[in-house]
Structures are given as structure tokens and as C-alpha cells.
Amino acid sequence: MDKPLPVATPTSRPFWDGLRDGVVRIQRCKACEGWVFYPRSHCNHCLSRDLEWVDVTGKGTLHTFTLARVPTAPFFADELPQRLAVVELDEGVRLTSTLVGVEPGAIEIGMRLRPVFETAGDGETTLLRYEPDA
Ligand SMILES: [Zn+2]
């Protein structure tokens with residue numbers, strides 16, 4: 001069963017293109033210097049539309065997680081338990097991802113994480129996963 005994949009929009013395309021190039025790229029506001037994620041047309045801090053894309057390390061800490069022992073959708077039945085995570089990047093923004101390369105019992109809130117760039121089933125889309133940064 002083909003898994004659903006993200007569809008880039010004009011606003012989010014730089015983020016997805018960055019992942020394809022092995023880079024986590026997020027927006028920063030040139031007016032207030034606030035970091036912005038998810039991709040938007042304006043700053044969520046000050047509403048300025050003067051945003052720039054910045055390459056970051058993609059590293060962060062595990063803010064919270066869920067082990068889904070029942071698949072969140074039939075597409076993910078082969079990933080159980082799903083290791084669903086909210087990662088706080090070092091820039092302070094949070095994103096939803098999936099943990100890889102870690103046993104469920106070894107997952108701890110606050111653990112350091114680094115990005116994993118995973119080519120999706122279509123061979124074109126790159127997904128952002130996270131693994132322990134030991
Ligand atoms: Zn701003």
C-alpha cells in the first residue's frame with residue numbers, strides 16, 4: 001500500500017527542496033529575527049512578510065513522543081509501534097516527525113536528536129526523520 005506523501009506548496013517548497021539536498025532549512029523573520037516553522041507567508045511573531053530561508057543543523061531535543069501500537073492509518077501498519085515525535089530544534093521551533101534507529105524502551109524526553117533524510121517510496125520525496133544523536 002502506497003503511503004501518503006507530503007505535497008509541496010509554493011510556500012513550503014524550499015523546506016522540501018532542502019530535505020532533498022540533505023539540509024534542514026527553516027524560515028527566519030528579518031524584521032524580528034524570530035524562527036518560523038511550519039513554512040508560512042508571514043512571521044507568526046510579528047506578522048512581517050519579510051522572511052528568509054536559513055540552513056540549520058536540524059539537531060534538537062525530543063519534546064514529547066507517542067508510541068502508536070495501533071496504526072494511525074492503514075498505510076502505517078508496517079511501522080508498528082509508530083514512534084511519533086515532536087522535536088524541538090535548537091532554534092526553538094517544534095516539528096512533528098518519526099523516530100528511527102531507536103528501540104521504544106530507549107526513547108526519553110529531552111534526548112538529543114539528529115535528522116535522518118529518508119527517501120520516500122516515490123523515490124523523489126525526502127522525509128525528515130530523527131534518530132538519537134549519541
Ligand atoms: Zn517577525
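Looking at this structure, is residue 113 within 11 Å of the chain's Cα centre (by Cα), within 29 Å of residue 21 (Cβ to Cβ) and assigned to a strand (DSSP E or B)? It would help to see each step written out before you state the result.
Values: within 11 Å of the chain's Cα centre (by Cα): no; within 29 Å of residue 21 (Cβ to Cβ): yes; assigned to a strand (DSSP E or B): yes.
Considered against the rule, which asks whether it is within 11 Å of the chain's Cα centre (by Cα), within 29 Å of residue 21 (Cβ to Cβ) and assigned to a strand (DSSP E or B), residue 113 comes out as no.
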Taking segment 18-40 and keeping residues buried (at least 16 other Cβ atoms within 10 Å of the Cβ), in contact with a Ser or Thr (Cβ under 7 Å, 6 or more places away or on another chain) and without any contact (Cβ under 8 Å) to a residue 60 or more places away in the chain leaves 29, 39
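Scan 50, 2 and give me the residue that is farther than 25 Å from residue 109 by Cα and either of a type in the set (Ser, Thr, Tyr) or in contact with a Gly (Cβ under 7 Å, 6 or more places away or on another chain) (or both). I'd like the intermediate steps shown before the answer.
On the way: 50 fails: either of a type in the set (Ser, Thr, Tyr) or in contact with a Gly (Cβ under 7 Å, 6 or more places away or on another chain) (or both).
Step by step, each of 50, 2 is checked, and only 2 is farther than 25 Å from residue 109 by Cα and either of a type in the set (Ser, Thr, Tyr) or in contact with a Gly (Cβ under 7 Å, 6 or more places away or on another chain) (or both).
Identify the residue in segment 41-83 that is among the β-branched types (Val, Ile, Thr), open to solvent by less than 50 Å² (accessible area, probe 1.4 Å) and closer than 15 Å to residue 94 by Cα and, among all such residues, is farthest from the ligand (Cβ to nearest atom). Walk me through it before giving the result.
Filtering segment 41-83 down to residues among the β-branched types (Val, Ile, Thr) leaves 54, 56-57, 61, 64, 66, 70, 72.
Then keep just the ones that are open to solvent by less than 50 Å² (accessible area, probe 1.4 Å); that gives 54, 56, 61.
Subsequent filtering for residues that are closer than 15 Å to residue 94 by Cα retains 56, 61.
Numbers: 56: 17, 61: 24 Å.
Taking the candidates together, the pick is 61.
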Filtering segment 67-85 down to residues that are over 24 Å from residue 39 (Cα atoms) and part of a strand (DSSP E or B) yields 67, 68, 82
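Could you go through segment 86-95 and let me know if any residue there is over 30 Å from residue 33 (Cβ atoms), touching a residue at least 12 places away in the same chain (Cβ under 8 Å) and open to solvent by 50 Å² or more (accessible area, probe 1.4 Å).
Keep residues of segment 86-95 that are over 30 Å from residue 33 (Cβ atoms), which gives none.
Checking segment 86-95: not a single residue is over 30 Å from residue 33 (Cβ atoms), touching a residue at least 12 places away in the same chain (Cβ under 8 Å) and open to solvent by 50 Å² or more (accessible area, probe 1.4 Å).
The values are calculated or read from the model by the stated rules, or taken from the named source; none is laboratory data. Every value quoted in this text rests on a predicted model; they were computed, and no experiment measured them. Heads up, the Cβs are rebuilt from the backbone with ideal geometry, glycines too, and the neighbour counts pull from every protein chain shown. Note: areas computed on protein heavy atoms with side chains; ligands, DNA, RNA excluded. Shrake-Rupley method; radii C 1.70, N 1.55, O 1.52, S 1.80 Å.
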